[in-house]
1. Pick from A:L72, A:L26: which is crowded, with 20+ Cβ neighbours inside 10 Å, away from ligand 2 (no atom under 11 Å from the Cβ) and either within 20 Å of B:A60 (Cα to Cα) or within 14 Å of another protein chain (Cβ to nearest Cβ) (or both)?
2. Testing A:P33 on (1) in contact with a Phe, Trp or Tyr (Cβ under 7 Å, 6 or more places away or on another chain); (2) open to solvent by 20 Å² or more (accessible area, probe 1.4 Å), one condition comes back false. Which one is that?
3. Among the listed residues A:T92, A:T133, A:T121, A:T115, which satisfies the condition of being more than 12 Å from ligand 2 (Cβ to nearest atom), modelled with pLDDT of 95 or more, open to solvent by 20 Å² or more (accessible area, probe 1.4 Å) and hydroxyl-bearing (S, T, Y)?
4. Test A:G107 against the stated conditions and say whether it is within 9 Å of ligand 1 (Cβ to nearest atom), open to solvent by less than 40 Å² (accessible area, probe 1.4 Å) and within 27 Å of A:E66 (Cα to Cα).
5. B:L50: more than 16 Å from ligand 1 (Cβ to nearest atom), under 30 Å from A:G105 (Cβ atoms) and open to solvent by 50 Å² or more (accessible area, probe 1.4 Å), yes or no?
6. Can you tell me which residue is most open to solvent (accessible area, probe 1.4 Å) among those in the stretch B:7-21 that are part of a loop (DSSP other than H, G, I, E, B) and of a type outside the set (G, A, S)?
7. I'd like the full set of residues that are more than 14 Å from chain A (Cβ to nearest Cβ) and surrounded by 19 or more Cβ atoms within 10 Å (Cβ to Cβ), limited to the stretch B:22-47.
8. Condition first: in a helix (DSSP H, G or I) and touching a His at 6+ places or on another chain (Cβ under 9 Å). Now tell me which residues in the stretch B:47-103 satisfy that.
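The values are calculated or read from the model by the stated rules, or taken from the named source; none is laboratory data. Everything numeric here is computed off the predicted structure, so don't read it as measured data. Neighbour counts run over all protein chains shown; Cβ positions are idealised from the backbone, glycine included. These area figures cover heavy atoms from the full protein model, side chains too; ligands, DNA and RNA do not enter into them. Shrake-Rupley method; radii C 1.70, N 1.55, O 1.52, S 1.80 Å.
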Amino acid sequence: MHFEFNVEGGNFSKAGTASSQLKKILKQLNVDPRIVKRVVVALYEAEVNIVAHAFSGTIYIDIDTEKIEIKLVDEGPGIPDIELAMQQGYSTASPEVREMGFGAGMGLPNMKNNTDRLLVTSEVGKGTTVEMTTYLNS
Amino acid sequence: MKVKEIAEKLNLTVICGGNGLDNEVNGGYSSDLLSDVMGSAQAGNIWITLQTHKNVMAIASLKDLAAVILVKGFLPDADMEAQSNEENIPVLGTNDETFEVNGKLFNLLNGK
Ligand SMILES: Nc1ncnc2c1ncn2[C@@H]1O[C@H](COP(=O)(O)OP(=O)(O)O)[C@@H](O)[C@H]1O
Ligand SMILES: [Mg+2]
């Protein structure tokens, strides 16, 4: 099964739309609720990162009997030092974004903790790609 | 304990999402950092915060939270209120500060 969602940079009022859709889909597919919870946390954080840090992006989701694969491809500033970005508490979010309670620097750590495999690749000045895999019988 | 009973006992105003007053509460989580709630709140928790925008309801819904308590007299933005009603997740209000709400809710949920 394949799904795609577009994400608009800067539009916080729509943040979480794809996560909410995926949650519904996974529930309908009778996926273990514990797995649904983890995937939803990871996708929400990845989705919000496009909204908060990039210009626009597309989410590609593939589900088969073994795994859920999510790929988020954005056009944006990219991440110069991915290892640094992965550290808990590191954030370049603007003061406005922080005031809303985003920008705690916990998004990438949440994604890591809630997926079986996380791969972040990025080209500065071009964009970022996040790939997350969750196995259904883990 | 149901949201309704907590609202009554702690004297909280039901601001919106009244259709969810029968939601069952199994504990609380207090934070104004959205990723913290995303990472650590548990389904069935009541979320205590001063954030008043729509993303609060997006998270409450994604995490299957029972209700949201806004402290210090804060009121939800119009789009937060609308989503609370759509999702049947009540938003409750109080003039108390977070520390006071936490203490009262903790005692109530733990039968003290
Ligand atoms: N899609 C992205 N595009 C550009 N930068 C990003 C992206 N995702 C993450 N980052 C960078 O990594 C940092 C850490 O991300 P994260 O852990 O989610 O924390 P936060 O979003 O709260 O800042 C961000 O502040 C930003 O500098
Ligand atoms: Mg983030």
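1. Answer to the check: A:L26.
2. Among (1) in contact with a Phe, Trp or Tyr (Cβ under 7 Å, 6 or more places away or on another chain); (2) open to solvent by 20 Å² or more (accessible area, probe 1.4 Å), A:P33 violates only (1).
3. Checking each option against the conditions leaves just A:T121.
4. Yes; evaluated as a whole, the condition is true for this residue.
5. Answer is yes for this residue.
6. B:N11
7. Within the stretch B:22-47, B:N23, B:V25, B:G28, B:I46 qualify.
8. The answer is B:D79, B:M80.
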